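Read the structure below first, then the notes.
The values are calculated or read from the model by the stated rules, or taken from the named source; none is laboratory data. In this text the structure is predicted, and so the values were computed from the model without any measurement. We place every Cβ from the backbone using ideal geometry, glycine too, and count neighbours over all the protein chains shown. The protein model used for the area step is the full one, side chains on, heavy atoms only, and it has no ligands, DNA or RNA in it. Shrake-Rupley method; radii C 1.70, N 1.55, O 1.52, S 1.80 Å.
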Amino acid sequence: MTALMSGTAPTAQGVGPLLRAWREQRRVSQLELALRADSSARHISFVETGRSRPSEEMVLRLAEHLDVPVRERNALLLAAGYAPHYPETPLDDPAMDALREGMERLIRGYEPYPALVVDATYRVLAANRGILMLMDGVSERLLEPPLNAIRLTLHPEGLAPRIRNLREWRGHLLEQMERQIALHRSEPLRALYEEVAAYPVPDTAGGGEPAEPVPYFALPMQIEHEGHTLSFISSISTFNTPMDVTVAELAIETLLPADPATVKYLHTLLS
């Protein structure tokens, strides 16, 4: 997973306006934040207006209670005049060997079901045989590194022509990206969103109504593969309490079968 470049405003404006922006985005009052952080509304006000310089501990405490992403917590510390608290270790660093190997074992363990590891901008870092099976027919230029999961899914030369409920699935992915942009304020993610949102949607793109309605418990992705319609439910896992920027931005996505026919087909094809 690539490191996500922050869209946070320059640190020259100080930490106060940045904290206020995060508080307002989270729709938390100064009083509520003060109660959460064991402080006072007066002190929060002084910090936000620049009348008081928060300690390093206070910056981290406020960031935690505002659910600020790890990368952005470092940006807040820099704006307050402190060193970053969280390291950003490249995934290919020897210190990450155990983590990387563990993730690769995990996604292999999901086979024959598709699973992959992506970063904060959906760059594919690892994928199992189930994912590679779905890539049949995808344009070679989209398969050149670095692979991007959203681009592969929505591009007219990617999976899009084979997704039966493309309009629904496209809408789901774009809404997901909008939420992430609001959370992370990421310019690279926004650029990716603008790119994929501009892809043309064929007039023949389906709305996702199967021939025989199935009571799905979540929106499935219905995709054609060699004359078969496969249905998958997407599940995304992240790391709890990450202490490294790189780890905080990793996500493991698994595509679980949404019906017995998909289970049977995958086991027959990949077993």
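Ranking of HIS172, HIS267 by solvent-accessible surface, largest first: HIS267, HIS172 (1.4 Å probe, protein heavy atoms only, all chains present). Residue order by solvent-accessible surface for ASP244, ASP97, ASP203 is ASP203, ASP97, ASP244, largest first, with ligands and nucleic acids left out and a 1.4 Å probe. Rolling a 1.4 Å probe over the protein chains gives ILE163 an accessible area of about 10 Å². Placing +1 on the Cβ of every Lys and Arg and -1 on the Cβ of every Asp and Glu, with no other charges, gives the stretch 130-271 a dipole of roughly 140 debye about its Cα centre.
Sequence-ordered 3J(HN,Hα) estimates for the stretch 145-160 from the Karplus curve with 6.51, -1.76 and 1.60 and θ = phi - 60° stand at x, x, 6, 10, 5, 5, 5, 4, 6, 9, 5, x, 9, x, 7, 3 Hz, glycine and proline given as x.
In the chain, the DSSP-assigned H stretches of four residues or longer account for a calculated mean residue ellipticity at 222 nm of -12500 deg cm²/dmol, using -39500 (n - 2.57) per stretch and the full residue count as denominator. Computed on protein heavy atoms with a 1.4 Å probe, the accessible areas place ARG27, ARG162 in the order ARG27, ARG162, largest first. Karplus-based coupling profile of the stretch 255-271, in residue order and whole Hz: 9, 8, x, 9, 8, x, 5, 5, 4, 4, 4, 5, 5, 6, 6, 10, 6, with θ = phi - 60° in 6.51 cos²θ - 1.76 cosθ + 1.60 and x standing for Gly or Pro.
When the chain is described by a simple charge dipole with +1 on each Lys and Arg Cβ and -1 on each Asp and Glu Cβ, the residue from THR262, LEU76, GLY14 located farthest towards its positive end is GLY14.
In the stretch 93-199, taking the dipole from charged Cβ atoms about the Cα centre, the farthest positive-side position among ASN165, VAL138, VAL118 is held by ASN165. Length available on full extension from GLU88 to GLU144: 0.36 nm per residue minus the Cα-Cα distance, which gives 17.6 nm.
Charges at C-beta only: +1 for Lys and Arg, -1 for Asp and Glu. How large is the resulting dipole of the chain about its Cα centre, in Debye rounded to 20? Could you put the intermediate results ahead of the total?
On the way: 26 positive and 36 negative charges, 170 e Å.
Once rounded to the nearest 20, the dipole reads 820 debye.
Annotation: SER235 carries an accessible surface of approximately 40 Å², with a 1.4 Å probe and no ligand, DNA or RNA atoms counted.
Projecting each Cα onto the charge dipole of the chain (Lys/Arg +1, Asp/Glu -1 at the beta carbon, about the Cα centre), which of LEU62, HIS85, HIS228 comes out farthest on the positive side? So the residue we want is LEU62.
For HIS225, the residues 5 or more places off, or on other chains, whose built amide H falls under 5 Å of its own are LEU230.
Considering only MET135, MET58, MET221, the Gaussian network model of the chain with Cα springs below 10 Å gives its largest mean-square fluctuation to MET58. Comparing PRO145, PRO54, PRO114 in a Gaussian network model of the chain where C-alpha atoms under 10 Å apart are linked, the largest mean-square fluctuation is found at PRO145. If the segment from LEU219 to LEU106 were pulled out straight at 0.36 nm per residue, it would be longer than the present Cα-Cα gap by 38.3 nm. With the whole protein complex present, VAL124 retains an accessible surface near 30 Å², based on a 1.4 Å probe.
About its Cα centre, the dipole of the stretch 92-166 is roughly 380 debye, where the only charges are +1 on Lys and Arg Cβ and -1 on Asp and Glu Cβ. Relative to the longest principal axis of the Cα atoms of the chain, the long axis of helix 166-184 makes an angle of roughly 20 degrees.
For the Cα trace of the chain, dividing Rg by the Kirkwood Rh returns an Rg/Rh value of 1.04. A simple rule links phi to the HN-Hα coupling: the Karplus curve 6.51 cos²θ - 1.76 cosθ + 1.60 with θ = phi - 60°, which for the stretch 110-126 gives 7, 4, x, 7, x, 7, 8, 10, 10, 9, 5, 10, 6, 6, 7, 9, 7 Hz, with x for Gly and Pro.
To the nearest 0.05, how large is the calculated FRET efficiency for ASP38 and HIS172 if R₀ is 30 Å and r is the Cβ-Cβ distance?
After rounding to 0.05, the efficiency reads 0.15.
The local environment of HIS43, defined by Cβ-Cβ distances under 12 Å, has a net charge of +2 under the rule Lys, Arg +1 and Asp, Glu -1.
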